[in-house]
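Where a number appears in this text, it was derived from the coordinates with a stated rule and is not lab data. Here the structure is a predicted model, which is why all the values come from computation and not from measurement. Note that we place each Cβ from the backbone using ideal geometry, even for glycine, and neighbour counts take in every protein chain shown.
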Amino acid sequence: MSAQIPTSNVMHDGMILADSVIVDDVDVDDVKFIDDDEESEDLSTIDTMEIKSRLLDLLPRMTGTPEEYNRAESYVNTLEERYTPVQTLDFLNLAMSGEWQLLFSTNIGGSPRPNFRLRELYQRIESNDLNGTIVNEATWDLAEDHEAMTPATSFDASGTFSIKCSYSINQGARMVLQLNDHVINLSKGSEVPKDVERLVALLYSAIPTELFDPNDHAMDTTYLDGDLRIVRMAGPKFEAVRDIFIRRGSMQIDPV
C-alpha cells in the first residue's frame, strides 16, 4: 500500500540542481562562456543530426567546465536556429505528448546531499486541444537518520514526488503554466519520513525550480523532434532558462 502526502503549502529557500550534472556558481540569467578553440569550427557545415548526436553525447558526461558549456550552448543555438516550428496544433500536441526525461537544465546551483538522491526526473504531458496537463515526477530515496553515507547506510524511505500543473496555449506554441499541487507517494515497504518538511526541502534543492514551481511562467518549445525536446522558460524568475529533455525510454544515456 502506498501513502500519499500533499505538500502544496510547504516552501523552502534555496536553489540546487542535482543528479546528472553538478556545477557551482553558475549565473542562470544569461550564461556567457569563454571561447573554446577546440570547438571553433563552423557548425553551419555540419548536419543537424550530427549536431544533435554531439549534444546528446556531451550532456550526460559534462563536468562543468566553461569549454563544455560553450560547446553545449553552440549546439543548442544551432538546433534552435534550424528548427521549423510545428505549424498545426494537432501535430504539436501529438509530437510533445508523452513522457520526457530531463537530461539537462541551465538552472544549476549546487551539490547533492549524501543521504538523499533523485534516481529519475521526467515530465509527462497530456494534451487536449489548447489545454492540457503537465506532471513533473521525481523518483527519490532518503536515508533519514544518516547525514553521511557509510557502507552500512541504507535508504529506508523512497517514493515519487509529483508536481502537477495545467497549461494553456495562447501564442503560437507558448504554454502558459499553472501549478496545481505537490504530492508525495511512498513506495511499497518504505518507511514514512519523520520530517516531511525536510524531505520537501531536499526535493526543492534537487529539482530545477522552474519545474518545482512554474507559476507566473510560460514555456516555449524551441526544438522538437521524435526523441529530443528543448524548451525555454519565459517569466519573472526563470526568463531564458533552458531545459533539455529526451523522450523517456528512447535511448540509453551512459554518463562517463
Points 7 angstrom from Cα along the Cβ direction at Ser250 and Gln178: gap in nanometres?
2.9 nm
What list of ³J(HN,Hα) values in whole Hz, one per residue of the stretch 209-220 in order, does the Karplus curve 6.51 cos²θ - 1.76 cosθ + 1.60 (θ = phi - 60°) give from phi, with Gly and Pro shown as x?
5, 5, 8, 6, 9, x, 3, 6, 10, 10, 10, 9
Once the other residues with Cβ under 9 Å from the Cβ of Tyr223 are scored (Lys, Arg +1; Asp, Glu -1), what is the net sum?
+1
Within the set of other residues whose C-beta is less than 14 Å from the C-beta of Tyr83, count the net charge using Lys and Arg as +1 and Asp and Glu as -1.
+1
Can you give the FRET efficiency to the nearest 0.05 for Glu197 and Asn131, using r as the Cβ-Cβ distance and R₀ = 30 Å?
0.40
Exactly which GluC sites (Glu not before Pro) in the stretch 72-149 are in a DSSP loop and have at most 12 other Cβ atoms within 10 Å?
Glu147
Trypsin sites (Lys or Arg not before Pro) within the stretch 151-256: DSSP coil, no more than 14 neighbouring Cβ in 10 Å
Lys188, Lys194
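Test of understanding: what is the full-extension gain from Ser44 to Ser166, defined as 0.36 nm times their sequence separation minus their Cα-Cα distance?
Details: separation 122, 0.36 × 122 = 43.92 nm, distance 3.78 nm.
Stretched fully, the Ser44-Ser166 segment lengthens by 40.1 nm.
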Which chymotrypsin sites (Phe, Trp or Tyr not before Pro) from the stretch 75-108 combine a DSSP loop assignment with at most 11 other Cβ atoms within 10 Å?
none
Of all DSSP beta bridges in the stretch 123-211, what percent run antiparallel (nearest 5)?
100 percent
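Subtract the Cα-Cα distance of Arg82 and Glu239 from 0.36 nm times their separation in residues, and report this length gain in nm to one decimal.
Once the chain is fully extended between Arg82 and Glu239, it gains 54.3 nm.
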